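This report concerns only the one structure given below.
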Amino acid sequence: MKNSQPTVEHAFYALALLIAIGLRFIKLGVLPLSDYEAGWALQALKITQGLHPAIGPNPAYVHLTAVLFAVFGATNFLARLWPALAGTVLVLVPWFLRRRFGRAAAIILAFGLAIDPGLVAMSHLAGGPMLAISVLVLAVLAWVNGRKALAGIFAGLALLSGVSLWLGFLGIGLAWVFSTAYVGKLKPPQDADEEQEAPAASYWDLSFQNIRPALYWGIGTLLVIGGLLIFSPKGLAGFVTSIWTFLKGWVTFSSVPAWQPALALPAYELLPIGFGIAALVRGIMKKRADSITLGIWALVAILLAVIYPSRQMGDLTWALLPLWVLAALELSYHLDFAEHDLWEVAAVAVVVIAFLVFGWLNVASLTNMDLAAPETRTRMYLLVAVLLLIILSLLLAGTGWSVGVARLGGVWAVTLCLTLFTIGLSTGTAAIREPLTNELWPPQPRAGRLDILLNVANQISELNRGDAAQLPLTILSMDSPSLHWVFRDWKVQDVTELAPNTTPEMILTPPGNVSLTATYRGEPLVLDETVDWNHATSAEWLKWFVYKQIPVNQQKVDLWVRSDLMLDSQGVPPTTSP
């Protein structure tokens, strides 16, 4: 009889899960939805209102979110709930890989997936690729473990989860082709102490008899979720629409330049990139098929995220999965503490950490200096000296004690520093840190202070009608999903122009004056913000790398209120222009 008592291994997974929950759910609904997010959330909201909107190529998100809205009401938190849950569940996937990659590597992988800034950012993005990534991984795991019905359900959800799925499929397919051609030529040495996993031929048995349960459950999921039973049949076309949108993306250019996903790797992913490359080199030297295949997958996914014309930053998350697996494999190799003196290892680690912290503080100080000044050059020389001192310290430790002590102390000092750096980045992408940071991952533009705009409008409504959202609101010549989402409880009228004799109570307009017969009072507020990457100086780029702060361009909106509705004009009829 197997022992069902909790173990230390269970505790590690529970801790990783708690970290993932914290980074994904704290302040999940605080920030207003951007135009990208609001576009998806509004589709779900219209379904709950009995309308039949056109459904975009992500019906799984739209319909599952519509169910939440119908039961609990439409909120920012619920609009982002499914991506956050999907990102959280992904942290538990390593539990099912512990026999293949080892228990230590699986635990490290769980923590890596929990704190990764890119995965955290996508878990906060309503309508983003997180749902597609998680359900596809769950479908593969269910199939490998013989849960064919469950595999069919997850596969059906994956097919309804948007355009990102097809880019991920393409990357996996190309990686499989390239790795088969390369790995098939290898003859890895058979180590007696390595646990060899017996191949499962049923994985590749695609006969109808074998795939029938998954096929039936997958089709059922497509019909139920894709059509939301019968309440939103337009969603059934989302599967075909996503394929067409993906193909059209090869001739349609997005506003995301190719350098952004390339920059995100050194800016956010130093930990998995550094140790992932080390694991790949080790795998090539020892002819390990798993490491080489993962390396090819990561490389192909990165290239696709850069060269795909309709690229989005979320496309890069497909590369994060193999990178973190490689990094976990490499870090698990450096757990041989029992063979060395722990005090010696700790001494080396403390010295290296001290130098790394001093070097980082030196870099941070450059953000307050003129980069053309002579003092800056001195700081750069000091940074080089710090790197040389780290190398010298490791050489002395390797000579005086042992190479193993130097290796362990250096590796885990770097790992600790990069882990804290990664967690700090994740608090920024999760919008937990104050002040808010300017990140690469979310689609631009970022929503502005729409909460202030809503509060002002609600106060005017409460003053005149005794309750919020009771006054009619007119939006003039502004196609803004985020505005329509924030005023979802209001009676909103969209117009392209206003006749001079009309006197709407409240008007939202682009910046400028309104020319109507009644008098109005206006207040400009920030509608959205876009990072001004193109005009950033080298000093501003450095400050962004350290603090994730950089100048932004603000688009404003004017809120006009008819003068007789203001507090100092109560009971006074609206005045008119001569």
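The values are calculated or read from the model by the stated rules, or taken from the named source; none is laboratory data. Treat the numbers as computed from the prediction; the structure is a model and nothing was measured. A quick note on method: Cβ atoms are made from the backbone with ideal geometry, for glycine too, and the neighbour counts reach across all protein chains shown.
Being buried (at least 16 other Cβ atoms within 10 Å of the Cβ) and modelled with pLDDT of 90 or more is the filter here, so list the residues in region 495-519 that pass it.
The answer is PRO504, GLU505, MET506, ILE507, LEU508, THR509.
Would you say GLU529 is out of contact with any Pro (no Cβ under 8 Å at 6 or more places or on another chain), touching a residue at least 40 places away in the same chain (Cβ under 8 Å) and part of a strand (DSSP E or B)?
Criteria not met by GLU529.
How many of the residues in region 217-256 are over 18 Å from ALA60 (Cα atoms) and touching a residue at least 40 places away in the same chain (Cβ under 8 Å)?
Total satisfying the criteria: 9.
When you scan region 208-241, how many residues do you find that are modelled with pLDDT of 85 or more and either closer than 22 Å to ALA142 by Cβ or not in a helix (DSSP H, G or I) (or both)?
Total satisfying the criteria: 15.
Return the total of residues in region 434-451 being surrounded by fewer than 16 Cβ atoms within 10 Å (Cβ to Cβ) and either closer than 29 Å to VAL306 by Cβ or out of contact with any strand residue (DSSP E or B) (no Cβ under 6 Å at 6 or more places or on another chain) (or both).
Residues flagged as surrounded by fewer than 16 Cβ atoms within 10 Å (Cβ to Cβ) and either closer than 29 Å to VAL306 by Cβ or out of contact with any strand residue (DSSP E or B) (no Cβ under 6 Å at 6 or more places or on another chain) (or both) within region 434-451 amount to 4.
Looking at SER482, SER538 in this structure, which one is under 30 Å from LEU440 (Cα atoms), in contact with a strand residue (DSSP E or B) (Cβ under 6 Å, 6 or more places away or on another chain) and of a type in the set (Gly, Ala, Ser)?
Unique residue meeting the criteria: SER482.
Is one or more of the residues making up region 392-402 touching a Cys at 6+ places or on another chain (Cβ under 8 Å) and on the phi < 0 side of the Ramachandran plot?
Looking for residues that are touching a Cys at 6+ places or on another chain (Cβ under 8 Å) and on the phi < 0 side of the Ramachandran plot, one finds none in region 392-402, hence no.
Got a number for residues in region 484-514 being within 12 Å of ASP558 (Cβ to Cβ), aliphatic (A, V, I, L, M) and within 33 Å of the chain's Cα centre (by Cα)?
Final tally of qualifying residues: 1.
All but one of (1) surrounded by 14 or more Cβ atoms within 10 Å (Cβ to Cβ); (2) in contact (Cβ under 8 Å) with a residue 24 or more places away in the chain hold for VAL492; state the number of the condition that does not hold.
Condition (2) is where VAL492 drops out.
Within region 536-553, is even one residue within 30 Å of ALA41 (Cβ to Cβ) and surrounded by fewer than 14 Cβ atoms within 10 Å (Cβ to Cβ)?
Within region 536-553 (the criterion being within 30 Å of ALA41 (Cβ to Cβ) and surrounded by fewer than 14 Cβ atoms within 10 Å (Cβ to Cβ)), the answer is yes, since at least one residue qualifies.
Look through LEU342, LEU366 and report the one residue that is exposed (fewer than 13 other Cβ atoms within 10 Å of the Cβ), of a type in the set (A, V, I, L, M, F, W, C) and at pLDDT below 95.
Only one candidate qualifies: LEU342.
Of the residues ALA413, ALA372, only one is modelled with pLDDT of 95 or more and either outside any helix (DSSP H, G or I) or closer than 26 Å to LEU320 by Cβ (or both); which?
That would be ALA413, the only listed residue that is modelled with pLDDT of 95 or more and either outside any helix (DSSP H, G or I) or closer than 26 Å to LEU320 by Cβ (or both).
Starting from region 454-482, keep only residues that are in contact (Cβ under 8 Å) with a residue 40 or more places away in the chain and outside any helix (DSSP H, G or I), then list their pairs with residues that are surrounded by 15 or more Cβ atoms within 10 Å (Cβ to Cβ) and of a type in the set (Ser, Thr, Tyr) whose Cβ atoms are within a distance under 6 Å, requiring at least 6 positions of separation or different chains.
Within 6 Å, the pairs are LEU471/SER461.
Can you pull out every residue in region 165-196 that is modelled with pLDDT under 85, among the hydrophobic types (A, V, I, L, M, F, W, C) and either surrounded by 14 or more Cβ atoms within 10 Å (Cβ to Cβ) or not in a helix (DSSP H, G or I) (or both)?
Selection gives VAL183, LEU186, ALA192.
How many of the residues making up region 454-489 are under 21 Å from TYR36 (Cα atoms) and of a type outside the set (D, E, K, R)?
Total satisfying the criteria: 13.
Would you say PRO57 is within 18 Å of LEU131 (Cα to Cα) and either modelled with pLDDT under 95 or not assigned by TED's automatic domain parsing to the domain that holds PRO129 (or both)?
It is true that PRO57 is within 18 Å of LEU131 (Cα to Cα) and either modelled with pLDDT under 95 or not assigned by TED's automatic domain parsing to the domain that holds PRO129 (or both).
Being under 22 Å from the mean Cα position of the chain (by Cα), small (Gly, Ala, Ser) and surrounded by 19 or more Cβ atoms within 10 Å (Cβ to Cβ) narrows it down to one of SER255, SER242, so name that one.
SER242
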